[in-house]
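Comments concern the structure below.
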Amino acid sequence: MENRALRYIVTATAAIVLAMTSTAVAVTADGLIESANAGRFDEVAHSLASDLHTDNPKVRSLLKAIESFKKHRQNDRQARLEAYEKTIGEMAEQADKGQRYEALVSAIKAHDLAVDPEAMLQDPQVQALVTSTRQAAEQATRDSDWLEALNLYRALDLLFEEEATYRDDVKRVAAHVRLLRLYAPKALYALAVQRAERLGKDKPKPLTAEEQGGWEQQLQGVQAVMLRGTLKQAARRHMRHPSLGKLLKGALDALEIVGQTSAMSESFPSMGDPRKMQKFLGGLEAERKRLAAERHVTYWDAIETIDHIQDLNERTVALPERVIIYEMTEGVTSTLDDFTSVIWPYDQEQFSRNTRGKFYGVGIQISMRDERLIVVTPLHGTPAFLAGIKPGDIIAQVNDKDTSGWSLDKAVREITGPEGTVVTLGIERAGHADLIQVPLKRAEIPIESVKGWQILDDGHWDYYIDRTNKIGYIRVSQFIPQTADNIDAAINQMEKDAGLDALVLDLRFNPGGLLSSAIDVTDRFVAHGDIVSTVDVQGVHRNPFRARPENTHRDLPLVVLVNQGSASASEIVSGALQDHGRALIVGQRSFGKGSVQDLIPLTQDRSASLKLTTQYYALPSKRIIHREPGAKKWGIEPDLKVRMTDDQVAAWLEVRRKADILLNNKDAVKPAAAPSPAANDADDAKQQDKKHAADDGPVNADQILRDALDPQLETALLVLRTRLVAKATGLARKD
């Protein structure tokens, strides 16, 4: 019996050895790449080891990288599990203490950490918290505590973001808060103070003079022709073909919200008269019924309705005509989609700046710290850089005006201006007792949309993320006219330097930009076939844009990184490359913004424009990426999904930001280090030291890989290195 058992063991062992030998023989480049593309790096390691390629230094390096990757992911899983258990416990404790909002914030964090997010939402503790929060939001709405209601509904919406359960509630309450911010900032400030007291937080900073009365400036130039044009163009050209009756209902709904926001009497005393308000709201209801009785509302019916409402306004609350026109127009666009809007005269300059890829200023990135304007970094070669502005400088004055209490938007408006004009910055700098007055002549500042891995001392980018293996790294922050040319320059620079064998194209948190730029960028990697087309409401595909082989770089391994912040043009690029099999997409599902907006002038002088959704984008496979209400599928689904928690993203972005800072000389001011909270144990202390090491100033981007801060990028590199190893070791390909 024992001999038979021994023979069985020997036979089984021989079979295993034979199987391993067969596996070694069967290893192919395609099999190796297929395993890597699916994230099965254990299989890659086993295949290479069993195929006896470990004498190759590239193989040894890859095997070592895979082993490090496995350890990083194991540490991540363990840390996530521990953080989840801790956060769920905090949620329960906060809920027991009646700290509803704090408990909901903890629930959102736990949902982000959960291995099974859907199951987490079914937890009885979570469901009880959701019910009590919803009831509190409903009560806050009845009490006209719009700020509290908005924060509660927004928290619920974040928890149920995929389902969009509370999206309509957020939209409705946000409309009231918008009115307060524009017309009744003191009332909104009072609600903010009340909320801070309830939460035990510091009182918000007092309103500035600009914040206390900004509606007149913001509505400057608003005309009735803008409302009429919006109605006409939306009814004729919007992809959903809304009726004029529906659009007018949205306008009436918006005015009804105005009438229900009693705090607007802060700017318009007549709204404090209950009788006038009752007549106003009653007149709106009568107009609503009149429209509902119409079988078909024509454009002339719409004009008549506008006239009726203006007459009603004059007889009751007597709001300024531009307020009525502005609010009705906003109501019309709110019935359509999130991407249709009016670019009002007040917004026109900022909108133009965002789309033309350049503006006139001094060339500094600024941020807020402790309610003060701080220089993050000067841009290389700009007036600020040449004048010696340094990271960490405090902008205390602009043209002798104190900047205390300024918002970032106000600072940008004051510092930028016509080309050739002078702006003087009063700079506070460590080691200097007095303000340093720095006059700067404004110049054209190109917006940098293409960045590399590490910024060099001369202000230029190093595009190599792995110079040994000749792997490049290009980040695209937005798509502007010069983006494709800048990508060409980066690739050509690497080709002339050490050569280029593979590339990572990082489109994470890229909100989009120009369609023409997205087409040009895709064209650099696809030689033939469609890139993108449009589809109208009848489902007819039109205007296909096709690749041109003369623009295409040579075929090299390519991985594209996307996440939930990748939208519009970045989804077109990643989706087209995916459809053509030209790139492996790694990361998380993209945003789902695949609609086409036409910019339509509303006045002869083009002082206002309507940004109107008219079509959807369709990828080469004819799939639609736009997320419609209630949709289950949208955006670009990665070929290889790698999830990052919010905390991971925050840590990665912080180091990435610091790595992008340029020190233009040795004695540049370094930003003050943030105090490190006490650590619970040695591991926590080590992590805190790692986190705050960058707070002393710029860091090397390699810290991102060294400290495993970016698992999506780490995965992309393993995929590319596997492909390069498969090629370098001469593995046979499947025929």
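Look at Gly283 and say whether it is touching a residue at least 12 places away in the same chain (Cβ under 8 Å), touching a strand residue (DSSP E or B) at 6+ places or on another chain (Cβ under 9 Å) and either over 28 Å from Thr613 (Cβ atoms) or of a type in the set (Ser, Thr, Tyr) (or both). Against the criterion (touching a residue at least 12 places away in the same chain (Cβ under 8 Å), touching a strand residue (DSSP E or B) at 6+ places or on another chain (Cβ under 9 Å) and either over 28 Å from Thr613 (Cβ atoms) or of a type in the set (Ser, Thr, Tyr) (or both)), Gly283 does not qualify.
Going by what's in this entry, would Gly499 be described as of a type outside the set (S, T, N, Q), at positive phi, in contact (Cβ under 8 Å) with a residue 12 or more places away in the chain and surrounded by 21 or more Cβ atoms within 10 Å (Cβ to Cβ)? It is false that Gly499 is of a type outside the set (S, T, N, Q), at positive phi, in contact (Cβ under 8 Å) with a residue 12 or more places away in the chain and surrounded by 21 or more Cβ atoms within 10 Å (Cβ to Cβ). One residue stands out among those in the stretch 567-603 that are of a type outside the set (Gly, Ala, Ser), in a loop (DSSP other than H, G, I, E, B) and under 18 Å from the mean Cα position of the chain (by Cα): the one that is farthest from Lys622 (Cα to Cα), which is Gln588.
One line per residue, one yes/no per condition, for (1) touching a His at 6+ places or on another chain (Cβ under 6 Å); (2) basic (Lys, Arg); (3) within 24 Å of Glu714 (Cα to Cα):
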| site | (1), (2), (3) |
| --- | --- |
| Lys410 | no, yes, no |
| Glu414 | no, no, no |
| Asp434 | no, no, no |
| Gly459 | yes, no, no |
| Tyr464 | no, no, yes |
| Thr483 | no, no, no |
| Asn486 | no, no, no |
| Gly499 | no, no, yes |
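Annotation note: of Val258, Val323, Val317, Val332, the sole residue that is crowded, with 18+ Cβ neighbours inside 10 Å, outside any helix (DSSP H, G or I) and among the aliphatic types (A, V, I, L, M) is Val317. Looking at Gln233, Gln217, just one residue is out of contact with any helix residue (DSSP H, G or I) (no Cβ under 8 Å at 6 or more places or on another chain) and either at pLDDT 85 or above or under 16 Å from Lys611 (Cα atoms) (or both), and that residue is Gln233. For Glu90, the conditions (1) of a type outside the set (Phe, Trp, Tyr); (2) in contact with a Ser or Thr (Cβ under 6 Å, 6 or more places away or on another chain); (3) assigned by TED's automatic domain parsing to the domain that holds Leu180 all hold with the exception of (3). A single member of Ala490, Ala567 is within 22 Å of Thr614 (Cα to Cα) and in contact (Cβ under 8 Å) with a residue 40 or more places away in the chain, and it is Ala567.
The strands (runs of 3 or more DSSP E) found entirely in the stretch 399-506 that carry 2 or more residues being within 19 Å of Asp702 (Cβ to Cβ) are 464-466, 471-476, 502-506. Remark: Ile389 matches the filter, which requires a residue to be over 28 Å from the mean Cα position of the chain (by Cα) and surrounded by 18 or more Cβ atoms within 10 Å (Cβ to Cβ).
Within the stretch 553-561, the presence of a residue that is more than 30 Å from Ala726 (Cα to Cα) and touching a strand residue (DSSP E or B) at 6+ places or on another chain (Cβ under 9 Å) is excluded. Residue under question is Asp169, and the condition is that it be buried (at least 20 other Cβ atoms within 10 Å of the Cβ), of a type in the set (D, E, K, R) and in contact with a Phe, Trp or Tyr (Cβ under 7 Å, 6 or more places away or on another chain); does it hold? Considered against the rule, which asks whether it is buried (at least 20 other Cβ atoms within 10 Å of the Cβ), of a type in the set (D, E, K, R) and in contact with a Phe, Trp or Tyr (Cβ under 7 Å, 6 or more places away or on another chain), Asp169 comes out as yes. Scanning the stretch 413-432 for residues that are within 33 Å of the chain's Cα centre (by Cα), without any contact (Cβ under 8 Å) to a residue 12 or more places away in the chain and within 20 Å of Gly392 (Cβ to Cβ) gives no hits.
Those helices (runs of 4 or more DSSP H) of the stretch 57-171 in which 3 or more residues are under 30 Å from Lys186 (Cα atoms) occupy 100-113, 124-142, 146-159.
The values are calculated or read from the model by the stated rules, or taken from the named source; none is laboratory data. What you see is a predicted model, and the numbers here were worked out from it, not measured in a lab. Quick reminder, even Gly has a Cβ in these numbers, built from the backbone with ideal geometry, and neighbours come from all protein chains shown.
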